[in-house]
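Peer 1: Just dropping this structure here.
Rule-based calculations on the coordinates, nothing more; no lab input. What you see is a predicted model, and the numbers here were worked out from it, not measured in a lab. Heads up, the Cβs are rebuilt from the backbone with ideal geometry, glycines too, and the neighbour counts pull from every protein chain shown.
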Amino acid sequence: MNYFRAEFFDVYMSYHNNILLDKLHGVPTDRPPVWVMRQAGRILPGYRQIRKSVSGFKELVKSPDLIAEVTLEPLHELGVDAPILFSDILVIPEAMGVDYDIIEKQGPKFPNPITSPADIDRLVYGEDVLDRLDYVFESITKTKARLSGSNPLIGFAGAPWTLFAYMIEGSGSKTFAKARRFLYEHPKDSHRLMSRISSATTAYVKQKIASGADVIQLFDSWSGMLSRAQYQEFCLPYISAIMEAIEGTPRIFFPKGAWSSIPDFGDVPMEAIGVDWRTPASYVREHLGEDLVIQGNMDPAFLYSDPDAIQSEVARISKDMGNQHIFNLGHGVYPDTDANHVKAMVQAVKSLG
Ligand code: 1CP
């Protein structure tokens, strides 16, 4: 037996469908791997049924057996190359002591958001959050057992700025004006808060990997709210620190809408960058080179088109992106999308080989 990096080989070589890990490890593939952001919730009938059987979103997020069920459904129903663990980015604010609830048709609401620098003092951070997140790690173990080596599992977390934005705003927002005001009024405390969120997130993603996650994606859903200078000052050092801490596990960074910061992303340790549908591949290549894998970037609204048009759009995007590409949407699939259209997209990608 070869003991040299045995742990790596055990994991890496054992999946029946290895195409996502191959792409992220620089091994040539005959077509792009494909998965869909927000594939596990929203559009599938099995998810909707399970969602109805529980009292609320948070009950589902804390039920490892149901999580495994919901996580695996897109593999069978859509034919994607990898499942993403069903969970939410808001489990970290909750573990830090900023509780949330999901209100039907409104989204997240935080009864006690951060309103002043003094509120940062009460937060739990670093490894101290981990025992409040056992349900996530148990969900990973259960999902991996059911996968039994068929596909790798994607784990994820919110990037620090996106979590900061919710923790201060207390809800979703079109402007995140309160959160951006906090950056201007309390720059030092903003760093203190970003640092606490980052240490919690680092401990969390490390434990996700230890529990069996094979890939980690960081979602910076609200990165497009900040100027390039703010992103450099308040975000990049923390994102890089999290990514550096999990070197060895493939990392995908998805800074949605942060087109002005793309020239700065060359220093972020990662294997792939996710881009939204407004960001041309040529622009990313110009700034970040030919080798980095790009993930994306079909407009989720394109999935309202008929399957023939979807097939042509898949071919166009794939040609545009070139070899170093993971096929995905440019943001999460919209809840009223016909699952058959998503399936048509996945099939079109798979027939590219
Ligand atoms: O009751 C329900 O079904 C509530 C809807 C829902 C779902 C299905 C929420 C509340 N979260 C989720 C799951 C979820 N969230 C997943 C995993 C499963 C999947 O859908 O595939 C993931 C990866 C997330 C990540 C997430 N949550 C992000 C980042 C991705 C993105 O879309 O930008 C964000 C910003 C959230 C916050 C959140 N949680 C829920 C909602 C409705 C929102 C968005 C609110 C807003 O727009 O501000």
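Peer 1: Along the charge dipole of segment 123-219, which of Val124, His191, Phe176 sits closest to the positive end, that is, farthest toward it, with unit charges on the beta carbon of Lys, Arg, Asp and Glu (+1, +1, -1, -1)?
Peer 2: Highest projection toward the positive end goes to Phe176.
Peer 1: Add +1 for every Lys or Arg and -1 for every Asp or Glu among the other residues with Cβ under 13 Å from the Cβ of Ser190, and state the total. Mind dumping the intermediate values first?
Peer 2: Details: positive: Lys178, Arg180, Arg181, Lys188, Arg192, Arg196; negative: Asp119, Glu185, Asp189, Glu233.
Result for the neighbourhood of Ser190: +2.
Peer 1: Moving on. Name the trypsin sites (Lys or Arg not before Pro) in segment 78-183 that are in a loop by DSSP and that have at most 12 other C-beta atoms within 10 Å, would you?
Peer 2: Filter output for segment 78-183: Lys105, Arg122, Lys174.
Peer 1: Determine the calculated [θ] at 222 nm for the chain from helices alone, applying -39500 (n - 2.57) to every DSSP H run no shorter than 4 residues and normalising by the residue count; nearest 500 deg cm²/dmol.
Peer 2: -13000 deg cm²/dmol
Peer 1: While we're here: With +1 assigned to the C-beta of every Lys and Arg and -1 to the C-beta of every Asp and Glu, and no other charges, what is the dipole magnitude of segment 34-94 about the Cα centre in debye, to the nearest 20? Write down the numbers at each step before the final one.
Peer 2: Values: 7 positive and 8 negative charges, 54 e Å.
The calculated dipole for segment 34-94 is roughly 260 debye.
Peer 1: What nm distance separates the two modelled labels at Asp336 and Val124, each placed 7 Å from Cα along Cα→Cβ?
Peer 2: If labels sit at Asp336 and Val124, their model points lie 4.0 nm apart.
Peer 1: Given labels modelled 7 Å from the Cα in the Cβ direction, how far is it in nm from Glu233 to Ala210?
Peer 2: Here the modelled spin labels are 3.6 nm apart.
Peer 1: Sequence gap at least 6, Cα distance under 8 Å: using those rules, report the relative contact order of segment 114-211 to the nearest whole percent.
Peer 2: It comes to 52 percent, rounded to a whole number.
Peer 1: How far is the Cα center of segment 235-290 from the Cα center of segment 42-113, in Å?
Peer 2: Here the answer is 26 Å between Cα centres.
Peer 1: For Gly330, what charge total do you get from the other residues with a beta carbon under 10 Å from its beta carbon, if Lys and Arg give +1 and Asp and Glu give -1?
Peer 2: 0
Peer 1: Tell me, what HN-Hα J-couplings in whole Hz come from the Karplus equation 6.51 cos²θ - 1.76 cosθ + 1.60 at θ = phi - 60° for each residue of segment 261-273, using x for Gly and Pro?
Peer 2: 8, 3, x, 8, 7, x, 8, 7, x, 6, 9, 8, 10
Peer 1: List the longest stretch of the chain that has no exposed loop site; here a site is one of the GluC sites (Glu not before Pro) assigned by DSSP to anything other than H, G, I, E or B, with at most 13 other Cβ within 10 Å.
Peer 2: That gives 105-246 as the longest site-free run.
Peer 1: Please give me the summed charge of the neighbours of Leu352: other residues whose Cβ is under 11 Å from its Cβ, Lys and Arg +1, Asp and Glu -1.
Peer 2: So the surrounding residues net to +2.
Peer 1: Considering only the chain, what is the antiparallel percent among its DSSP beta bridges, to the nearest 5?
Peer 2: That works out to approximately 15 percent antiparallel.
Peer 1: In nm, to one decimal, how far is the modelled label at Lys52 from the one at Tyr184, with both set 7 Å along Cα→Cβ?
Peer 2: My value for the distance between the label points is 4.8 nm.
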